[in-house]
Each structure stands twice: as structure tokens, then as C-alpha cells.
Amino acid sequence: MTEIDTKLNPLTQYFENLGFKPELSDNQKIFKVFSSTSDELNSLFNGVGLRDCSNLGILELSGKDVLDYLHRISTNHLKEIPKETIEQTIFTSEKGRIIDISTVMNFEDHQLLICSQANKYKVKSWIEKYVIMDDVKVNDPNGNYTLLEVLGPQADSFMTLVCGNVINEIELNKFKSVRSEGIMFFLSKLRSSNGNIKFWILTDPENAAKLIDYMINNKGIFDFNLIGEDAYNSFRISQGIPIAPNELNDQYNPHEANAIGLVDFKKGCYIGQEVIARLETYDKVQKFLKGISFNESADENSHYNLFDAEENEAGNVTSIAYSPKCGKHIGLAFIKKAFLQEGTLLFAKNGNGKNIPVTVKNIPFRK
């Protein structure tokens, strides 16, 4: 059992006190559904949803060399990012494979690094591995923070209702200390995968509970819902959002995971730079992350490999969820270049030997 398995989400007890029932998954309590999956998905696509992201990995970094150090060991330009700025970067291995996609929040006197839950301790070890003379210290805050995400096409208007005009004062990829209804938190404005504005709310568990209460009781005309894991998983697959360990792991590189936009090719050396640059220069990427739709019911917990009609290996499926919007199971898969065209018919096989026809889809899914 890894250390992360035993960590409790600081808001679990709060949601249980509201009457919601968690399920045990990998030794953690998770809330799969708050209202209904279809209602929650409707909020994500048409209204506004509130998602508890407190299980993501959060690390505190301190020392005068943090930004310069992260700049040297990860893919993006971090050396001179201003105070109250947010920047994403990728930690890659010497072979150019993904360790994690992480987000840096610069508080000037310290930084927070938000990474995948599954890769938290791998990222922590990776950062500490290369510290020699640098003034860099990594601390695990161990439940001191909660992270909420507000997303959906109504998110901007809804947060204006909650916080007032301060929303207009926050630039994209920036964060600001906010006090609303006596509740203190840091509010970040970001761009979601589908182009809409979304928000991150970083605070302590007590203020997070107060804020969620306020949102639930003051949602007004908005189509607002708490978002459970089932709805979010279906949503993020439809949008092509990779997660760890499914798509973000050391089997794939940033090119393959459609994350090459987080690589700064002008900034110079970083761990894995030569491999990633060579793949770009010589067009050597052999597979890419794509969507698939299952033409028959699929087992969401099963591992599937993809083949064409002649039994040629075409790729492997990394995530599966049922999509009420599409009326079928959909998935994400790393697919070889020869089979990438939308509409290509492939066959998914698991250990039981059953062949399920699947259709290759561009992401985000149109339907």
C-alpha cells in the first residue's frame, strides 16, 4: 500500500454530514454521484459545477531557488513568472516520458505545486532527487489545503454572483486573495479544455465548507450541481483530458499525450529535453491520444487493446466511461498513426477474448 492510499480528503466528513454516501475505492472514500450523473453532466456542459479536487497532490516549495530550479528540470518557462501567477509544466524522465503534468502557483515567498494524486510522491521524490546546492525545500502540507474547481459555461457569471466584481479584476492564469461573505480563499482564473473560463479555489477545510454551503444555498437561477467522480470522468474523457495514472505515466511522452503545448522549445535544457526535441524535429512520434466510441457495452474496469480487422495491433485503451450524451461507452486511447483518422473502425479486445467494435473519434467529442 502506498502512502497516498491512507490520506483522507479533508472534506470527506463534511460531505458525509450533508448526507452524501461515499464509496471505497483503492482504500479511499470517493463520492461517485451527488445528485445524478446526467444532472451533473448537464451542469458541466450547460451550467456550472463544483468539483472537490482536494485529493490532488499539493506540495509546498520554499527557498530562493525554487522557480529557477523548476525551470531547469521541467518543460516550461518558470524562471521569471510574476507573483500571483499560475503556470503548468511537465516533469519528464531522461527518456522524455511523462512523470506528471503539474501546476505552479507563485506566492513569491513560497510556491505551491499541484500535481496528480497518483503521482504526488513520485513528483516529490523527483524534485528532491536533483537538489544539490540549490535552496529548495519540499514539504507535504498533509491536508492543510482544500482545492475546489468551478467549471462549466456559467462558471464566470456564477462566481460573479458569489464574489462580486473582484472576478473582473483577476486576469487569466492569475490568482488573488478574496474575502466574500466573511470567507477567505485564493481564487484562480483559468481556461478549461473546452475554452470556457474555470476557477480554482484554494483554502483551508473550514472555509471550504462554508463556501460550499453558501454556493448551495445561494445558487439563484444557475444550473448548479456538486460534481461526482462518475460525471467528471465521463466529461473529461469527452474533452480529451488526460489523468494519472491512466494517460499520464512513464509509458508516454508529451507529444503522444497532446501536451506538447506545455513544452517551451526556446528555453534550453531540462531533463528529457533532447529526446522530446528529437521527436519534434524528425517527426518520430508513433502514436497519439484519441477518443473512441464503443459500439457495444464495455467493461469500464477492464483493459482493452485495439486491433484492426486484420489483427494488426493499433493501440491501447486507457480510460472508459459511459456517456449519456453519446448514449454509449466512450474512451481515450493511444492509437498508432496509421489508424488516427476519425471514423476508423477498430476492435477492442480484453482478457476474455471478446471483440467490441470501436470507432476512432477526434477529441473533444462532438457527439
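What follows is calculated from the coordinates using simple rules that are stated; it is not laboratory data. All values derive from a computational prediction rather than experimental measurement. All Cβ positions, even for glycine, are placed from backbone atoms using ideal geometry, and neighbour counts span all protein chains on display.
Summing Lys, Arg as +1 and Asp, Glu as -1, what charge do residues with Cβ under 9 Å from the Cβ of residue 82 carry, residue 82 excluded? Computed value for this residue: -1. Does the chain classify as rounded, prolate or oblate by the C-alpha gyration tensor (a ≥ b ≥ c root eigenvalues; a/c under 1.5 gives rounded; else a/b over b/c gives prolate, otherwise oblate)? Oblate, since a/c reaches 1.5 and b/c is not below a/b.
Computed from Cα atoms alone, the Kirkwood hydrodynamic radius reported for the range 212-283 is 15.7 Å.
Working value for the range 171-324: equivalent-ellipsoid semi-axes of 36, 25, 12 Å, each the square root of 5 times a Cα gyration tensor eigenvalue, largest first.
Under the combined filter of DSSP loop state and at most 13 neighbouring Cβ atoms within 10 Å, the range 229-326 retains these trypsin sites (Lys or Arg not before Pro): 266, 284. Test of understanding: given the chain, find the longest segment containing no GluC sites (Glu not before Pro) that are in a DSSP loop and have at most 16 other Cβ atoms within 10 Å. Counting at most 16 other Cβ atoms within 10 Å as exposed, the longest clean stretch of the chain is 182-295. Among the chymotrypsin sites (Phe, Trp or Tyr not before Pro) in the range 109-201, those located in a DSSP loop and surrounded by at most 13 other Cβ atoms within 10 Å of their own Cβ are 130. Over the chain, DSSP H runs of length four or greater, each weighted -39,500 (n - 2.57), average out per residue to a 222 nm ellipticity of -6000 deg cm²/dmol. Legend: ranking of residues 323, 74, 234, 62 from fewest to most surrounding C-beta atoms inside 10 Å; resulting order 62, 323, 234, 74. The smallest convex shape that holds all Cα atoms of the range 75-124, its convex hull, gives 79 Å³ per residue.
Dipole size of the chain about its Cα centre, with +1 on Lys/Arg Cβ and -1 on Asp/Glu Cβ: approximately 680 debye, rounded to the nearest 20. Of 326, 269, the sequence from fewest to most neighbouring Cβ atoms within 10 angstrom is 269, 326.
Could you point to the residue in 194, 113, 343 farthest towards the positive end of the chain's charge dipole, with +1 and -1 charges on the Cβ of Lys/Arg and Asp/Glu respectively? Going by the Cα projections, it comes out as 343.
By other beta-carbon atoms within 10 Å, ranking 68, 135 with the fewest at the front produces 135, 68.
Highest mobility in the GNM of the chain, judged by mean-square fluctuation with C-alpha springs under 10 Å and restricted to 111, 251, 239, is found for 251. Taking every alpha-carbon pair under 8 Å whose residues sit at least 6 apart, the chain reaches a relative contact order of 18 percent.
With the cut-off at under 18 Å, measuring from each backbone N in the range 263-288 to a point 7 Å along the Cα-to-Cβ line of residue 173 picks out 263-268.
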